[in-house]
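Written out below as structure tokens is the structure these notes cover.
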């Protein structure tokens, strides 16, 4: 993988990401320790790991998860390009969750001390980290709402529309030609607390109603407004402009 300078990162050309000053970019570059490729299905961070590095997901998808002793898995949230990974480890001695690559991914690597350096050298960047952490918490909160109160149709509709809009915000055609969708039905079931059979039936039901279509690893939005109504979604699901570490 050819290293890409932070100032030349293609993600920074997208309207989704807030511009940084040359000084801020230089600091991020100084803290960067390299770039790595992780293949689909491989673990990026292990549950219980106490020496996890920090990562920015540069390309591909991943997810955070927890498992029970018998192997049952709960997916906490899905990670898309631009997401910052591993910050939770700084708040405790070991990470209580793991992170796995959902598709082939590319990640920028930072040392664990990068958080302190950002706060100390660029307070505005420290605020950006706080914003990213709060945003991720908001995503997890909505996932908890789905698992706790939404029915199966509402859960799946909410997940589809949020992931579609997050991914579409990084595409030139805003998702008109579909967006990447590397999730299997098992991933959806593990994220929403549904059985695999119930997940399959509900996806087919929503598709028959003309709300969405999944084909060849792409998600197509057929009737986003109806899907949002089905989800009883707060807001339109469109991601807000965000910092990029």
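Net length available on complete extension from residue 23 to residue 196 is 57.4 nm, with 0.36 nm assigned per residue and the Cα-Cα distance removed. Dimensions of segment 143-231 along the principal axes, based on C-alpha atoms and rounded to the nearest Å, stand at 35, 25, 24, largest first.
Go ahead and run the numbers for FRET between residue 33 and residue 138, Cβ-Cβ distance against an R0 of 22 Å, rounding to 0.05. According to the calculation, E is roughly 0.15. You can think of it this way: the chain between residue 127 and residue 240 has 39.1 nm of extra reach, that is 0.36 nm per residue less the Cα-Cα gap.
Based on the convex hull around the alpha carbon atoms, segment 1-75 presents an average projected area of 6.7 nm².
Packing, as the average of other Cβ atoms within 10 Å across residues, places the peptides 73-85, 109-121 in the order 73-85, 109-121, highest first. Counting only the Cα atoms, the chain fills a convex hull of 126 Å³ per residue. Using alpha carbons only, how many degrees (0 to 90, rounded to 10) separate the axis of helix 152-168 from the longest principal axis of the chain? Rounded to the nearest ten degrees, it is 40. For the chain, set up a GNM with springs between Cα atoms under 10 Å and report which of 226, 191, 158 has the largest fluctuation. Maximum among the listed residues: 226. Between the beta carbons of residue 218 and residue 70, assuming R0 = 35 Å, the FRET efficiency works out to 0.55 to the nearest 0.05. Across segment 136-172, the residues whose backbone nitrogen lies under 17 Å from the label position 7 Å along the beta-carbon direction of residue 4 are 167-172. Stretching the chain fully between residue 208 and residue 176 yields a gain of 9.5 nm (0.36 nm per residue, less the alpha carbon separation).
From most to least packed by mean Cβ count within 10 Å, the peptides 13-23, 172-182 give 172-182, 13-23. Peptide packing for 144-156, 31-43 was compared via the average number of neighbouring C-beta atoms within 10 Å per residue; ordered from the highest value, the list is 144-156, 31-43. Both numbers refer to the Cα atoms of segment 6-123; Rg and Dmax are 14.8, 49 Å. Provide the FRET efficiency to the nearest 0.05 for the residue 226-residue 47 pair, computing r from the beta carbons and using R0 = 51 Å. It comes to 0.85.
Working from Cα pairs under 8 Å separated by at least six residues, relative contact order for the chain is 22 percent.
Each reported figure results from applying straightforward, stated rules to the coordinates on display, with no laboratory input. Here the structure is a predicted model, which is why all the values come from computation and not from measurement. Note that we place each Cβ from the backbone using ideal geometry, even for glycine, and neighbour counts take in every protein chain shown.
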